[in-house]
Amino acid sequence: MARKTHFAGAAIVATLAFTLASAELSGANAQQGVETESDTAASAVLVTEETVPLFVSEEVVQPLPEPDTSEETTTEVPVASTLRELVRKIDTSAPLSNELECLAGTVYFESRGEPLNGQLAVAQVVINRAESSSFPSSYCGVVYQRSQFSFVRNGSMPRIRRGSTAWQNAKAIARIAHEGHWESEAADSLYFHATYVRPSWSYRKAKRAAIKTHVFYR
């Protein structure tokens with residue numbers, strides 16, 4: 001009986017010891033679990049604070065940079081009641097571009113003896129051709145196209161008397177025509193010839209104007 005009581009007591013002691021150990025172990029795991037959940041929550045808060053954008057309730061307007069107008073240039077159109085007055089007001093002292101040189105040269109050689117409206121009409125034909133798909137797309141290309149202008153010899157112009165009034169007028173007319181400062185009687189003409197000849201192609205074209213010794217056609 002005493003032996004059974006001894007084993008029973010031992011069993012009770014063993015059981016109690018196991019229970020206490022289990023409780024400590026379980027408590028440790030629970031505490032570790034609490035720390036893990038707390039760390040995770042803290043990390044989640046940190047991530048949330050770093051990634052959630054901040055919205056501003058008021059309108060935000062970013063000022064645009066001021067445009068740089070220091071290099072802009074404007075061409076002032078002279079006011080004139082007649083073409084002759086306009087020609088006098090055009091500044092011809094600046095050098096001409098290669099294209100305007102070709103245009104002015106054509107005016108000079110083809111029509112320097114014509115009235116100013118006749119010179120403007122010649123310039124207008126060159127411009128119209130350059131804008132037409134049937135001809136070269138530049139003034140020089142139009143002027144130097146083979147067999148189109150009789151003053152062109154071997155692909156070049158004769159010498160120009162650059163100090164003459166005729167050349168100054170031709171330069172002014174070229175600028176006026178190029179910049180569209182005066183409407184030409186030639187309108188949309190693509191061809192012209194002198195009145196003392198009548199080429200065969202003229203019979204198939206629509207006449208637009210006749211100015212002194214030139215007739216203009218479309």
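Do you know which residues across segment 89-143 are aromatic (Phe, Trp, Tyr), surrounded by fewer than 24 Cβ atoms within 10 Å (Cβ to Cβ) and under 17 Å from Trp167 (Cα atoms)?
Of the residues in segment 89-143, the ones aromatic (Phe, Trp, Tyr) are 108-109, 135, 139.
Filter again for surrounded by fewer than 24 Cβ atoms within 10 Å (Cβ to Cβ), leaving 109, 135.
Once the filter is applied, which keeps residues that are aromatic (Phe, Trp, Tyr), surrounded by fewer than 24 Cβ atoms within 10 Å (Cβ to Cβ) and under 17 Å from Trp167 (Cα atoms), segment 89-143 yields only Phe109.
Looking only at segment 160-208, filter to residues that are in a strand (DSSP E or B) and either among the β-branched types (Val, Ile, Thr) or more than 38 Å from the chain's Cα centre (by Cα) (or both); which one of those is surrounded by the fewest Cβ atoms within 10 Å (Cβ to Cβ)?
So the first thing to find is which residues in segment 160-208 are in a strand (DSSP E or B), and the list is 191-194, 207-208.
Still in the running and either among the β-branched types (Val, Ile, Thr) or more than 38 Å from the chain's Cα centre (by Cα) (or both): 193-194, 207.
Values: His193: 16, Ala194: 14, Lys207: 12.
Within segment 160-208, the match that is surrounded by the fewest Cβ atoms within 10 Å (Cβ to Cβ) is Lys207.
Would you check if Ala104 is assigned to a helix (DSSP H, G or I), under 17 Å from Phe216 (Cβ atoms) and at pLDDT 95 or above? Write out each step before concluding.
Working: assigned to a helix (DSSP H, G or I): yes; under 17 Å from Phe216 (Cβ atoms): no; at pLDDT 95 or above: yes.
It is false that Ala104 is assigned to a helix (DSSP H, G or I), under 17 Å from Phe216 (Cβ atoms) and at pLDDT 95 or above.
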### Task
Find all pairs meeting these conditions: Cβ atoms under 6 angstrom apart; at least six residues apart or on different chains; first residue within segment 142-165 and closer than 14 Å to Arg112 by Cβ and outside the structural domain of Ser132 (by TED's automatic domain parsing); second residue in a loop (DSSP other than H, G, I, E, B) and hydrophobic (A, V, I, L, M, F, W, C).
none
### Message
Just checking, does segment 107-116 include any residue being acidic (Asp, Glu), modelled with pLDDT of 95 or more and not in a helix (DSSP H, G or I)?
### Response
yes
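The values are calculated or read from the model by the stated rules, or taken from the named source; none is laboratory data. Since we're looking at a predicted model, the values are computed, not measured. With ideal geometry, Cβ positions are generated from the backbone for all residues, glycine too; neighbour counts draw on all protein chains shown.
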